[in-house]
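I have placed the structure first, in the form of structure tokens, so that the comments after it can refer back to it.
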Amino acid sequence: MLSGKKRGLQSIEFLQAPIISSSASVAGPLESKSSWAEDFDWIMEDYLLGESSWERTETKVLQQVIQIALDKQQLSFEDIEVFLAGDLLDQIISSNYTARELKTPFLGLYGACSTMAEAILIGAMLVEGGFFTRLVAAAGSHHYTAERQFRFPTEQGVQPAPYSQWTATAAGALVLEAQGNGPRVSSITIGRIVDMNQKDANNLGAAMAPAAADTIHRHFLDLNRDSDYYDLVVTGDLGLVGQDLLEELFVQQGVVPKPNISDCGVLLYDGIPEVNAGGSGCGCSACMLCGPLLKKMYRGDLQRLLFVATGALMSPTSTNQGESIPGIAHAVAIEI
Amino acid sequence: MTPDSNEERKKIEEQEYQQLVEQVRPRPNILLNCIWAFIIGGLICTLGQLILDYFRAQGMSMEDAGAMTAVSMIFLGALLTGLGWYDELGKKAGAGSIIPITGFANAIVASAMEYKREGYIFGVGARIFSIAGPTLLFGFVAAVIIGLVKYLTMLW
């Protein structure tokens, strides 16, 4: 039986679009220097927050961002029917430990930096399908947990490549409801893995850009839209290199979403010279969406947003074994 | 289309994309990096030389003074790592702060600090050489080979 909601090959258009009734964002000490600082709900004063490890801090931040999102609607943990979340760490521990505190049904997700879009699109389907009426989608990352897991011990003196991205210390959470006030998740496109044989773990933007191009192209085809439909198309964390590559790929494919395309990894680190090629990490796009971008939508400055979070599904083990890095991108259309 | 030509087409696409990545990717400023590595690496070596001269002036033999200098430099590398300064130095100096013996101390102490949270056996004990390990292993291999060469030349 056809659902009547599927469009084209990979997209879904919701008939009763779920509402984003609340959202919250937390930014780390470095990220707070960005020009968006006012739009974050909470800024971490340091990287540990009195915890005994980076990992515990990441969990604490994820809990905190959910708490803030719920507080805005005077909701408590008991009001949440399902919790969808992910992070970058092995066994997604930050999300698991957060779910331990929430005590609600929990679905843990891993999509690297694309996790926030993955959580929103699954959450939107659960709500619109009539299975649940209220759920929380969240994602977070911490610079030093990622450094030590994917690269080097944090005190190791290494010179970063000019094209390497900075894993964001940040988190974002939002509440999806069947009814209420706020921007709607109107359609989604589930991405597929695109692997262009990129093997440089310092250049994740290059691994993700083809996936972003593929998903955006697919979204426009499936829903019979062009880029003029959106006020802003914002990719996950391609960074400066990935963003340039995406533009080149668009030119090759003849897709032109040029006028209003940007990238969360570039936006978040705008004006922060310590970061070479922009940000990455699932907290980066989560924080930019749930903070500055959704606030723009609540204020009415943005009407139609296409959020395309991109993930480089990189594992140090497979990279060392000579495997290439698979990329993925999921698209979520949010409209007022 | 046969599977073969599909695969070939994919390969060509990948190669073209790789060329595009090479074009777009910013190049490291090798000259500037070399100058920084030379200055900071040079300063570290100068400091080592000063320490060596000091021990020599105290009346130590060359061999003892050399060993004491290595110990002092390792201590300094470890101290700066513990204070959280050596990684800042490394961002600027690159090879200039990795190659000297202070860089070796940095690799070991940074690992010890990082993995201490997993305990002394499975954390510090098991992973302290996670960065320095290759240097140690291949240093030993080189020592064995040179020892063999020396032995063989003595037999000659």
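Rule-based calculations on the coordinates, nothing more; no lab input. None of these values were measured; they are calculated from a predicted model. For neighbour counting, all protein chains shown are included, and Cβ atoms are generated from backbone atoms with ideal geometry for every residue, glycine included.
The sum of -39500 (n - 2.57) across all DSSP H runs of n ≥ 4, divided by the residue count of chain A, sets its helix-only mean residue ellipticity at 222 nm to -9500 deg cm²/dmol. Only DSSP H runs of four or more residues enter the estimate; each adds -39500 (n - 2.57), and after division by the residues of chain B the mean residue ellipticity at 222 nm equals -26000 deg cm²/dmol. Taking Cβ atoms as reference points and 15 Å as the exclusive limit, the residues near A:PRO162 contribute a net charge of 0, counting Lys and Arg as +1 and Asp and Glu as -1.
Sum up the charges of everything whose Cβ sits under 13 Å from the Cβ of A:ILE328, counting Lys and Arg as +1 and Asp and Glu as -1, but leave A:ILE328 out. Spelling it out: positives minus negatives among the neighbours equals -2.
Using every pair of separate Cα atoms, the Kirkwood estimate puts the hydrodynamic radius of the range A:85-236 at 17.6 angstrom.
In this calculation the C-beta distance from B:LEU32 to A:PHE77 is compared with R0 = 60 Å, giving a FRET efficiency of 0.70.
Round to a whole angstrom and tell me the spacing of the C-alpha centers of the range A:189-261 and the range A:75-150. Distance between centres, Cα-based: 24 Å. Averaged over the residues of A:142-155, the number of partner chain Cβ atoms lying within 10 Å of the residue Cβ comes to 4. Counting, for every residue in B:99-111, the Cβ atoms of other protein chains within 10 Å of its Cβ and taking the mean gives 2. With viscosity 1.306 mPa s and temperature 10 °C, the Kirkwood radius over alpha carbon pairs of the range B:1-93 converts through Stokes-Einstein to a diffusion coefficient of 90 µm²/s. For chain B, the membrane-span-like helix rule (DSSP H, alpha carbon extent of at least 20 Å along the helix axis, mean Kyte-Doolittle at least 0.0) picks out B:30-57, B:62-82, B:101-115, B:133-155; this says nothing about an actual membrane.
Put simply, the Cα atoms of the range B:3-155 extend 76, 47, 40 Å along their principal axes, the longest span coming first. Note on the protein assembly as shown: Cα convex hull, mean projected area over all directions, 30.3 nm². Listed by chain and number, the lysines whose alpha-carbon sits under 19 Å from that of A:LYS295, ignoring those within fewer than 8 places in the same chain, are A:LYS33, A:LYS72. In summary, no lysines lie within cross-link reach of A:LYS6, defined as a Cα separation below 17 angstrom excluding same-chain residues under 8 places away.
Under a cut-off of 16 Å between alpha-carbon atoms, report the aspartates and glutamates in cross-link reach of B:LYS92, not counting same-chain residues fewer than 8 places apart. Counting by Cα, and skipping residues close in sequence, B:LYS92 has these aspartates and glutamates nearby: A:GLU155, A:GLU274.
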